[in-house]
1. Just need a number here: residues in the stretch 16-47 that are closer than 21 Å to VAL135 by Cβ and open to solvent by less than 60 Å² (accessible area, probe 1.4 Å).
2. Looking for whichever is closer than 30 Å to THR195 by Cβ and aliphatic (A, V, I, L, M) here; the options are LEU61, LEU27, LEU45. Which one fits?
3. Which one is modelled with the lowest pLDDT, of the residues in the stretch 73-106 that are open to solvent by 60 Å² or more (accessible area, probe 1.4 Å) and on the phi > 0 side of the Ramachandran plot?
4. Is it fair to say MET188 is modelled with pLDDT of 95 or more and in contact with a strand residue (DSSP E or B) (Cβ under 9 Å, 6 or more places away or on another chain)?
5. Return the pairs, sorted by first residue and then second, in which the second residue is surrounded by fewer than 17 Cβ atoms within 10 Å (Cβ to Cβ), the first residue lies in the stretch 15-31 and is free of Cβ contacts under 8 Å to residues at least 60 places away in the same chain, the beta carbons are less than 6 Å apart, and the residues are 6+ apart or on different chains.
Amino acid sequence: MDRVLKFSFSEKIFHNVNAVTWYILALTGVIVYFDWASPETKAFLMQIHIWVAVIFTFNFLAFVFLSPHRFYIIMKNFLEWDKDSLAWFKNFGGYPRRFFKIPFGPEEVAPQGKVNAGQKLTYLFFVFVIIALIVTGWSLYYAKHSMGKTLFELMFYVHVWGSILATAVATCGHIPLSIVNTEDLLAMWRPGSGTVSVEWAKHHNPKWYEKDLMKVEPKED
């Protein structure tokens, strides 16, 4: 077995559609919020924002309800924590030493599962924000005249600043780290199955390899 499946087809569709629509929504939303365009342009951008939001929302709901087993497995991976997960924070996965030559913590990185502890926190944050943006966005669109001023302002600022914060985390953290983890990046974005080499899985995700991949042959959805 030279390669193992890391990302199923449904995971790849969800992630990649989510990523593209996210940045379209972020760009159009920021331009409108900070008043960086003419009224006519802002009105046009809001129309784009709304229609892309439909795709963004359907993409998440389709993944949850049409591929519930994959969603369950993903959330299970995010929510499973053990002593090795916590030990990841002793040297932050070796990234300070690897990229900035900072001798922070022990040299050895604690063995991790399919996702490391840093990814677990980040992805749980992203899932929470996605749900919050869908709820607040469509509430503001359909019920803005029926909710009180306090609730409206709360939802509005959660929607705006939650998206800005999550975009900053994705842009400054998630994307750079995904680029340097080349096999994972290619597995997620290239056409076809989301596989990585056995050597990559052994090195980067040893607990996942030992507990799951040695027992079960990976299969596509």
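1. Matching residues across the stretch 16-47 total 11.
2. The match here is LEU61.
3. By that ranking, first place goes to LYS101.
4. Spelling it out, MET188 is indeed modelled with pLDDT of 95 or more and in contact with a strand residue (DSSP E or B) (Cβ under 9 Å, 6 or more places away or on another chain).
5. Here the result reads THR21/ILE55; THR28/ILE48; ILE31/ALA37, each pair linking the stretch 15-31 to a residue that is surrounded by fewer than 17 Cβ atoms within 10 Å (Cβ to Cβ).
The values are calculated or read from the model by the stated rules, or taken from the named source; none is laboratory data. Please read all numbers here as calculations on a predicted model, not as lab measurements. Please note: Cβ atoms are built from the backbone with ideal geometry, for glycine as well, and neighbour counts cover all protein chains shown. The protein model used for the area step is the full one, side chains on, heavy atoms only, and it has no ligands, DNA or RNA in it. Shrake-Rupley method; radii C 1.70, N 1.55, O 1.52, S 1.80 Å.
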